[in-house]
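What follows is a set of notes on a single structure, which appears directly below.
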Amino acid sequence: MYFALILFLIIAIIAVIFGVQNTAVVTLKLFGFKLESSLALILLVFMGIGVILTLLFSIPYFLKNKKRISSLNKRVKELEKTLSDLEEKNKTLVGKSEEAENEVNNI
């Protein structure tokens with residue numbers, strides 16, 4: 001949590017420094033459109049678009065992992081229940097074995 005916050009602050013500081021040092025006005029031509037703005041603003045906008053696209057393409061991966069984790073947690077609970085049942089059965093069988101052993105020793 002703190003690592004992510006510190007990393008975000010470092011990136012924000014670098015972005016501000018970048019913006020202050022790159023104030024030159026450039027012309028962007030794309031599909032017949034013409035846009036004049038500062039180099040820093042254009043680069044930061046497109047970097048932001050890249051971040052958003054990356055997050056959008058990552059959503060299926062995160063959802064798949066969330067489903068898998070949920071499935072694995074369910075399986076763990078089932079196995080813990082089975083283990084508990086087997087431990088109880090083992091105690092019962094050990095008790096019966098000790099009773100049988102005592103009967104054999106008493107004969």
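A short reminder: the numbers here are calculations on the coordinates, not readings from a lab. Being a predicted model, the structure only gives us computed values, none of them experimental. So basically every Cβ, Gly included, is an ideal-geometry build from the backbone, and we count neighbours across all protein chains shown.
Before moving on, here are some points about what is shown:
- Across the chain, the relative contact order, built from alpha-carbon pairs under 8 Å that are at least six residues apart, equals 13 percent.
- Ordering Ile10, Val51, Leu63 by the projection of their Cα atoms onto the charge dipole of the chain, which places +1 on the Cβ of Lys and Arg and -1 on the Cβ of Asp and Glu, puts Val51 at the extreme positive end.
- For the chain, a Gaussian network of Cα nodes joined below 10 Å ranks Val16, Val25, Val94 by mean-square fluctuation, and the top entry is Val94.
- Lys pairs, the stretch 2-106 - Cα-Cα below 17 angstrom, 8 or more residues apart or on other chains: 6
- A cut-off of 5 Å between modelled amide H atoms, ignoring neighbours fewer than 5 places along the same chain, links Leu28 with Leu35, Glu36, Ser37.
- Stretched out straight at 0.36 nm per residue, the stretch from Asn105 to Val76 would grow longer than its current Cα-Cα span by 6.2 nm.
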